[in-house]
Structures are given as C-alpha cells and as structure tokens.
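The values are calculated or read from the model by the stated rules, or taken from the named source; none is laboratory data. On a predicted model such as this, the values are computed, not experimentally measured, just so you know. With ideal geometry, Cβ positions are generated from the backbone for all residues, glycine too; neighbour counts draw on all protein chains shown.
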Amino acid sequence: MTYNKYGPYLKETFGSAVYKITVDAGFTCPNRDGSKGVGGCTYCNNEKFFQDNGKDILSVKEQVLKKISYRKRKKLEKYIVYFQTYSNTYGSTDYLKSLYESVLDIKNVIGIAIGTRVDCIDDEKLKLLKEISNSHYVCLEYGLESISNETLSRINRGHDIDCFVETVKKTHEYGIDICAHLMFGFPWESQKIAKESALFLNQLPIKFVKIHQLQIVKNSIMGNDYKKSAFQLLGKNDYLNYLLDFLTALNPNTVVQRVAGDCPAEILIAAGFSESSINIAFELDQKMKELELLQGISFKEAQ
Ligand code: SF4
C-alpha cells in the first residue's frame, strides 16, 4: 500500500467494513456567531454541509437510522456516527452527553467521530468523551488547516498553532484518538509547507489526517474577494505534488482519512481542478507507484 489508508485501517481494527454516517446536529460555531471573531474562517460556507440543503431537519438519531436504511450491505457493516457540521462540542456537557448517547444504542453503531475546533473543548467535555470511550470508539477531529500562524490569522481562524498543540496534547492525555484537518493551496503559501506540515504533525500524538484543497465557495469572505480579484488556485498536478511531499515525510503510522475534498457545484465559485476526491486518490496512488514512493519514506530516512 502506497500510503496508510483509512478503509483498510478500519477493517483491520474493527474486523469488518466500517462506514461513517455524517449527521448535522444543528450546532453553530464560535467563529461564526460573534463570540470569537467576525464572519468566520474566510473560506467557509457551511451550507455545503447542511443535511438535505436545510430541508427536513431530523434528530441525529433519525438521521442515522435513515442513512443506515439506505445502505445495501447493512447486515455486514458497522458504523461510526460523524458529527460534522460546525463545531460539535459547542454546547453544555449535559447536552453533549444526551446528544452523543442518543446514537450509541443503534444496532451496529460502534462509536462517534466529532468534528470541532481546538478552542471548543475543555476537561469536562474530554472526561465525558473518555467515559464514552470505555464502551464505544471515540475520535475527535480538529481543524488546523495550516501550520502557519500567518495563514491562521489571514484566514480568520480565531486560534493559533499553540492552541492547537495544547489541545491535542490534552486530548491525548485522555486517551482519545485525534484526527487533524489540513488545507493546501492558500495562494500566499508555497509547496514547502506540505513537507513542513508533515514534520509538524509527526511531533504530535495525531493518529489520523484529512487533507483537502482550497476551493472558493459562495457566501464566504474569500469568495467575495475572489470575485473582485481572482487569484491562482492549485492545479491538479501541483496539488498532487503537495500530497507527495506531505505523505513521503509523514509518519508511516499516521492513517490518512482523505486526500482531497469535494464541493457541491451549486455553491462552488472556483476550484483549481475538477476531478473528484476519488479520482485524486486514484491518481495519487498511481503516481506514488510510478515514482516508487511510500508514505514516510523520508520520515524513516531521518530516523
Ligand atoms: S470553517 Fe469551521 S471553524 Fe471556521 S467558521 Fe466554518 S464552521 Fe467555524
């Protein structure tokens, strides 16, 4: 295997195919509601994550049951419920407990993955997740997006690298798996950030990564800027080169959950390439084979 892929990892760890069921729990985000900053991250338009485009809002449990009912191989699968939309720890601990527990008794649900911000978690919430992890799988997914404080400031992330590092270390002390999200293609960054990002993550107790390319979407600050003055986005070959630099320097034990993102056409303003994330993953694999590259090849050399 050219890099450490999530599907095989899940199969090996849980003994069968595991499918992630994405839900919208109706949270907001402290970077959008005014408590952290104004207007949110500049690239963000969370409409792309709304269930059914905002229609037919179901409880989280109902969403999971509905999505499982559509699965053709449901007798053979296990499920991780993925709380994706906005910041899914942005509520009282009592509320989070009832929310997370509402899906755990569903047949074949083995655990939860929770997408959130590093400034949106505390010891009380981590204790709750630790308790849940005694009986179910738990993973916290933290948005980092860039290892550059300059970029975090320019994209209005509302937290810096130190905050990310501190939260990752604290989460690890509670024994909870961590996934870091990264984005490549900010026009003021260069390809060297790809390898630097891997070296940065290698120093932290991070088990999973998700990578995606910058895309320009409607109703975002960056989208408005782009319409006034378009800037260069990473083309497919450049993006693949970023991925190669990143993966060859990444600790081979880190599991890669995603190597590119997809964006619904109705909210997309601009993208550097039109290939789907599945096609990018395929081309990446081909390229790594052709070049005889493996995840962590330079990580190992540096040891
Ligand atoms: S990208 Fe995430 S953290 Fe940033 S504004 Fe959007 S929902 Fe909030």
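Quick look at the numbers
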quantity	calculated
Flag for T28 being within 15 Å of the ligand (Cβ to nearest atom), under 25 Å from I57 (Cα atoms) and surrounded by fewer than 18 Cβ atoms within 10 Å (Cβ to Cβ)	yes
Matching entry among A180, A113 (being among the small types (G, A, S), within 16 Å of the ligand (Cβ to nearest atom), in contact with a strand residue (DSSP E or B) (Cβ under 8 Å, 6 or more places away or on another chain) and in contact (Cβ under 8 Å) with a residue 60 or more places away in the chain)	A113
Residue within segment 171-178 that is part of a helix (DSSP H, G or I) and touching a Leu at 6+ places or on another chain (Cβ under 7 Å) present	yes
Test result for E101, away from the ligand (no atom under 15 Å from the Cβ) and either without any contact (Cβ under 8 Å) to a residue 12 or more places away in the chain or closer than 30 Å to N241 by Cβ (or both)	no
Some residue of segment 284-299 being buried (at least 21 other Cβ atoms within 10 Å of the Cβ) and either at pLDDT below 95 or part of a loop (DSSP other than H, G, I, E, B) (or both)	yes
Given (1) part of a helix (DSSP H, G or I); (2) under 20 Å from the mean Cα position of the chain (by Cα); (3) within 22 Å of C44 (Cβ to Cβ); (4) not β-branched (V, I, T), number of the condition D245 does not satisfy	(3)
Qualifying residue in segment 127-142 (condition: of a type in the set (D, E) and in contact with a His (Cβ under 7 Å, 6 or more places away or on another chain))	yes
Total residues in segment 215-233, condition surrounded by fewer than 22 Cβ atoms within 10 Å (Cβ to Cβ) and part of a loop (DSSP other than H, G, I, E, B)	7
Residue check for A194: under 16 Å from the mean Cα position of the chain (by Cα), more than 16 Å from the ligand (Cβ to nearest atom), assigned to a helix (DSSP H, G or I) and surrounded by 20 or more Cβ atoms within 10 Å (Cβ to Cβ)	no
